[in-house]
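Step one of this worksheet: look at the structure below.
The values are calculated or read from the model by the stated rules, or taken from the named source; none is laboratory data. These figures come from a predicted structure and were not determined experimentally. Glycine gets a Cβ as well: all are built from the backbone with ideal geometry, and neighbour counts include every protein chain shown.
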Amino acid sequence: MNAIKILVDEHDIILRMIDVTRSMLADTSTLNTDHVEQVVDFIKNFADKYHHLKEEDVLFVEMENHGMSRQSGPVGVMLHEHEQGRAYVKQAEEGILQLKSGDIHAAGAIKESLLNYSTLLTNHINKENNILYPMAERLLPQTVMLAMSENFVEAITIASNNKFKQKYLKMADELSRIYMK
Ligand SMILES: [Fe+2]
Ligand SMILES: [Fe+2]
């Protein structure tokens, strides 16, 4: 499978979880801490480790190797947004700890940080799908795209063998059934 198609498909799964997150946070008086923890687990491991690292460690590196700056320009902006997302998730985690220790006001802080994350990631994904990935397809030679595709297929195979991917797809399915009626 084509490397860019793999990344776009992962975006679709992340966007699905973002819709679930927005619905989950609509009414914080009924906030289910376990479900919020699942969302944070998904964001940290599927969206960030599994997806963003394909970009940061492979795609962006190749774009840099072919003349683009990692500090500024489109790649620099994408990296900055990944960092911003991590900061929002950290805030959400702190809110969850406070909520679990009995501070009911923490639900508002969790909502704010996860909604900020959702807005950031939705815009980020739009930029990647419509600007950055088409740019990469124009910039990178076919041999590089092929090697990247092989690399990503291998990552998917490993994630499927150790049931990593199934865990997060199942989580998105189950939470969708609850919150996306
Ligand atoms: Fe990204
Ligand atoms: Fe992405």
Subject >> Residues located in region 75-118, provided they are within 21 Å of LEU15 (Cα to Cα), of a type in the set (A, V, I, L, M), surrounded by 15 or more Cβ atoms within 10 Å (Cβ to Cβ) and without any contact (Cβ under 8 Å) to a residue 40 or more places away in the chain >> reply: LEU79
**OP:** Answer with yes or no whether GLY67 is farther than 17 Å from SER118 by Cα, without any contact (Cβ under 8 Å) to a residue 60 or more places away in the chain, out of contact with any strand residue (DSSP E or B) (no Cβ under 9 Å at 6 or more places or on another chain) and not hydroxyl-bearing (Ser, Thr, Tyr).
**Re:** no
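Do we find a residue being among the hydroxyl-bearing types (Ser, Thr, Tyr) and surrounded by fewer than 14 Cβ atoms within 10 Å (Cβ to Cβ) anywhere in region 36-58?
The answer is no; no qualifying residue exists.
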Original post:
Can you tell me which residues in region 62-105 are at pLDDT below 95, more than 30 Å from PRO141 (Cα to Cα) and small (Gly, Ala, Ser)?
Top reply: GLY102
Original post:
Would it be correct to say that ARG16 is modelled with pLDDT of 95 or more, surrounded by fewer than 20 Cβ atoms within 10 Å (Cβ to Cβ) and within 12 Å of ligand 1 (Cβ to nearest atom)?
Top reply: no
**OP:** Please specify each residue of region 101-118 satisfying the condition of being more than 15 Å from ligand 1 (Cβ to nearest atom) and part of a helix (DSSP H, G or I).
**Re:** ALA106, ALA107, GLY108, ALA109, ILE110, LYS111, GLU112, SER113, LEU114, LEU115, ASN116
Original post:
With GLN98, GLN91 as the choices, which residue is more than 16 Å from ligand 1 (Cβ to nearest atom), of a type outside the set (Ser, Thr, Tyr) and under 18 Å from the mean Cα position of the chain (by Cα)?
Top reply: GLN91
**OP:** Could you please give the count of residues in region 44-97 that are charged (D, E, K, R) and more than 23 Å from LYS5 (Cβ to Cβ)?
**Re:** 7
Original post:
All but one of (1) modelled with pLDDT under 95; (2) under 16 Å from the mean Cα position of the chain (by Cα) hold for ILE125; which doesn't?
Top reply: (1)
